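Contents: one structure, followed by commentary.
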Amino acid sequence: METEKLKELKFTNWCIKNRTAVYVIAILISIAGIVSYIRIPKELFPDIVVPTISVVTIYPGNTPEDIENFITKPIEKQLKSINGVKKVTSQSLSDVSIITVEFGTDMKVPMAKQKVQDAVDKSKSDLPADLNKDHTIQEFDIEEMPIININTAQCVGIM
């Protein structure tokens with residue numbers, strides 16, 4: 001009878017014959033991974049600075065079209081002329097105009113807020129005279145946003 005020669009993988013056979021060495025290598029790799037993970041510098045909440053400023057203007061008793069024509073467009077015109085502006089977006093709703101100005105990351109937030117304030121002040125001559133409230137200019141701060149919102153609903157049954 002002729003004996004059949006089986007194909008075999010040398011590395012696999014070595015691992016089977018030397019399983020203690022394989023266990024030791026696996027444990028050393030695991031320990032090296034754990035030590036590397038512990039030594040990696042990490043921060044739980046990194047400081048993210050997003051130079052974004054919003055301008056909110058309330059003009060009661062007006063339609064969104066009037067808000068856009070009389071409030072949003074004149075303010076946007078001045079805001080777009082600021083150096084370093086990356087993007088200007090706006091929403092004209094009934095009674096309110098919301099304009100968001102995004103700056104490049106090289107702009108400091110207090111400086112961006114001051115530039116927006118100056119641009120809004122320049123646009124006041126183009127705004128309606130009966131606009132009695134000042135604009136609300138706010139910076140977007142990621143640290144002020146909640147990490148998690150939990151909404152609870154209470155069901156009250158009437159019997």
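The values are calculated or read from the model by the stated rules, or taken from the named source; none is laboratory data. This one's a predicted model, so the numbers in the text were calculated from it and none came from an experiment. Heads up, the Cβs are rebuilt from the backbone with ideal geometry, glycines too, and the neighbour counts pull from every protein chain shown. Please note that ligands, DNA and RNA were not included when accessible areas were found on the heavy atoms of the full protein model with its side chains. Shrake-Rupley method; radii C 1.70, N 1.55, O 1.52, S 1.80 Å.
Only one of Asn69, Asn83 is assigned to a loop (DSSP other than H, G, I, E, B), within 19 Å of Ser123 (Cα to Cα) and of a type outside the set (D, E, K, R); which?
From the options Asn69, Asn83, the qualifying one is Asn83.
For region 65-89, give me the residue count where each residue is open to solvent by less than 50 Å² (accessible area, probe 1.4 Å) and not charged (D, E, K, R).
11
Go through region 125-159 and report how many residues are open to solvent by less than 100 Å² (accessible area, probe 1.4 Å), at pLDDT below 75 and assigned to a loop (DSSP other than H, G, I, E, B).
Number of matching residues: 5.
Quick one: count up the residues across region 11-46 that are within 31 Å of the chain's Cα centre (by Cα) and either in contact (Cβ under 8 Å) with a residue 40 or more places away in the chain or not in a helix (DSSP H, G or I) (or both).
Of the residues in region 11-46, 7 are within 31 Å of the chain's Cα centre (by Cα) and either in contact (Cβ under 8 Å) with a residue 40 or more places away in the chain or not in a helix (DSSP H, G or I) (or both).
Write out, first by first residue and then by second, each pair whose Cβ atoms fall under 6 Å of each other, whose residues are 6+ apart or on separate chains, and whose first residue, in region 108-124, is without any contact (Cβ under 8 Å) to a residue 24 or more places away in the chain and in a helix (DSSP H, G or I) while the second is open to solvent by less than 70 Å² (accessible area, probe 1.4 Å) and not hydroxyl-bearing (Ser, Thr, Tyr).
From residues that are without any contact (Cβ under 8 Å) to a residue 24 or more places away in the chain and in a helix (DSSP H, G or I), the pairs are Gln117/Ile137.
Any chance you could count how many residues in region 24-64 are over 23 Å from Val109 (Cα atoms) and surrounded by 13 or more Cβ atoms within 10 Å (Cβ to Cβ)?
Going through region 24-64 one residue at a time, the tally reaches 4.
Please work out if Ser97 is at pLDDT 90 or above, open to solvent by less than 30 Å² (accessible area, probe 1.4 Å) and over 17 Å from the mean Cα position of the chain (by Cα).
Numbers: at pLDDT 90 or above: yes; open to solvent by less than 30 Å² (accessible area, probe 1.4 Å): yes; over 17 Å from the mean Cα position of the chain (by Cα): yes.
Here the answer is yes, as Ser97 does meet what is asked.
Conditions tested, residue by residue: (1) polar (S, T, N, Q); (2) in contact with a helix residue (DSSP H, G or I) (Cβ under 9 Å, 6 or more places away or on another chain); (3) at pLDDT 90 or above.
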| position | (1), (2), (3) |
| --- | --- |
| Thr3 | yes, no, no |
| Ser36 | yes, no, yes |
| Ile48 | no, yes, no |
| Ser81 | yes, yes, no |
| Gly84 | no, yes, no |
| Lys87 | no, no, yes |
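Please state which one of Pro60, Pro64, Pro51 is in contact (Cβ under 8 Å) with a residue 24 or more places away in the chain and in contact with a Gly (Cβ under 9 Å, 6 or more places away or on another chain).
Working: Pro60 fails: in contact with a Gly (Cβ under 9 Å, 6 or more places away or on another chain); Pro64 fails: in contact with a Gly (Cβ under 9 Å, 6 or more places away or on another chain).
From the options Pro60, Pro64, Pro51, the qualifying one is Pro51.
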